[in-house]
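In what follows, a structure is listed as structure tokens, so that the remarks can point back to it.
The values are calculated or read from the model by the stated rules, or taken from the named source; none is laboratory data. Keep in mind the model is a prediction, meaning the values are calculated, not measured. Ideal geometry is used to build each Cβ from the backbone, glycine not excepted, and the neighbour counts take in all protein chains shown. Note: accessible area is taken over every heavy atom of the protein model, side chains too, but ligands, DNA and RNA are not part of it. Shrake-Rupley method; radii C 1.70, N 1.55, O 1.52, S 1.80 Å.
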Amino acid sequence: MTSATATRPKITTPDAQTVTQVQHWTDRLFSFRVTRPQSLRFRAGEFVMLGLMGDNGRPLLRAYSIASPTWDEELEFYSIKVPDGPLTSRLQHIAPGDEIILRPKPVGTLVHDALLPGKRIWFLATGTGIAPFASLVREPETYEKYDEVILMHTCRTAAELEYGRRLVESLADDPLIGEMVAGKLRYYPTTTREESRFTGRITDNLTSGKVFADLGIPPLDPATDRAMVCGSMALNKDLMAVLEAAGLREGANSDPREYVVEKAFVGDGV
Ligand code: FAD
Ligand code: A2P
């Protein structure tokens with residue numbers, strides 16, 4: 001496999017960062033780590049613009065959630081590979097030592113500041129929508145603010161869940177947050193197009209009550225439950241209806257409430 005930037009001139013922008021690690025999970029998914037700009041401060045759950053230099057000599061940038069926690073020396077990202085996608089058709093070929101462009105201006109709504117205090121927080125994701133939660137489940141603030149943290153992640157197949165599964169598994173041995181996570185983080189991965197331990201869409205598992213029964217916990221209550229949602233626009237819309245029906249209201253940085261939503265990508269035909 002050829003490196004995405006091997007044949008290209010070095011990126012001569014102050015926003016260049018060096019790729020340190022790349023891991024391919026499926027033919028549609030990969031993760032990578034890059035050096036962190038010294039000046040970059042972000043809140044867990046935020047996204048930045050990153051990309052490569054285009055053939056026209058101008059940066060080709062896309063929004064990416066930061067998947068690493070705020071205390072990490074490097075930055076981690078979890079990415080789709082769109083075969084004919086302007087950026088990811090090339091980005092999927094990056095290798096350690098290559099440079100990418102990263103604009104160090106983090107923004108986003110999936111942040112603790114946008115939620116009122118609560119007891120239980122739900123991180124609800126499909127596909128690459130797990131990326132912001134990969135940061136939030138590694139963030140001490142999450143466990144300081146909540147008694148219980150529930151990560152629901154749904155993909156078509158078990159292979160597509162693997163990045164999240166390995167991440168959650170690794171938390172127990174994490175020297176910084178291992179103890180905080182123990183007994184607080186509940187992980188509920190489901191598949192929709194093949195059999196696995198848990199199956200079904202997030203929306204269906206919430207409305208049927210299956211997830212509450214499986215985890216042995218009470219149903220959603222606006223007095224105690226907070227939620228963050230990240231998936232396709234269709235998933236977000238459907239999940240918002242489920243949360244609103246349970247009495248939760250959408251919040252924002254400037255107006256904290258019971259849940260917040262962010263698009264995992266801007267999709268076709270929705
Ligand atoms: P594009 O022209 O951007 O997309 C082509 C088509 O591919 C889209 O119309 C859509 O149908 C599909 N597509 C794009 N992204 C995805 C995706 N993530 N999952 C499934 N289908 C997709 N992408 C990530 O992989 N990881 C992230 O952490 C991430 N964070 C984002 C945060 C925000 C706030 C937004 C708005 C988008 C985010 N995206 C993320 C999507 C990302 O910005 C790009 O769309 C993606 O990298 C593909 O770029 P592209 O140029 O190859 O194709
Ligand atoms: P399904 O297989 O039933 O379509 P995708 O890979 O297409 O982005 O989907 C990721 C996951 O999100 C799939 O498991 C898919 O289930 C699920 N999903 C897609 N749209 C919705 C929706 N509107 N509500 C709930 N789950 C959805």
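The condition of being touching a Cys at 6+ places or on another chain (Cβ under 8 Å) and farther than 12 Å from M152 by Cα does not hold for T207.
One residue stands out among those in the stretch 187-243 that are in a strand (DSSP E or B) and over 21 Å from L136 (Cβ atoms): the one that is farthest from ligand 2 (Cβ to nearest atom), which is T199.
G183 meets each of the listed conditions (1) among the small types (G, A, S); (2) part of a strand (DSSP E or B); (3) open to solvent by 10 Å² or more (accessible area, probe 1.4 Å) apart from (2).
Of the residues making up the stretch 186-232, those that are open to solvent by 70 Å² or more (accessible area, probe 1.4 Å) and either touching a Ser or Thr at 6+ places or on another chain (Cβ under 7 Å) or not assigned by TED's automatic domain parsing to the domain that holds T128 (or both) are R193, E194, R201. Just one of the numbered conditions (1) more than 16 Å from ligand 1 (Cβ to nearest atom); (2) surrounded by 18 or more Cβ atoms within 10 Å (Cβ to Cβ); (3) under 22 Å from Q23 (Cα atoms); (4) of a type in the set (S, T, N, Q) is not true of T154: (1). Looking at the stretch 68-138, the strands (runs of 3 or more DSSP E) lying wholly inside it that each contain 2 or more residues that are in contact with a Ser or Thr (Cβ under 8 Å, 6 or more places away or on another chain) and assigned by TED's automatic domain parsing to the domain that holds N56 sit at 74-80, 99-107.
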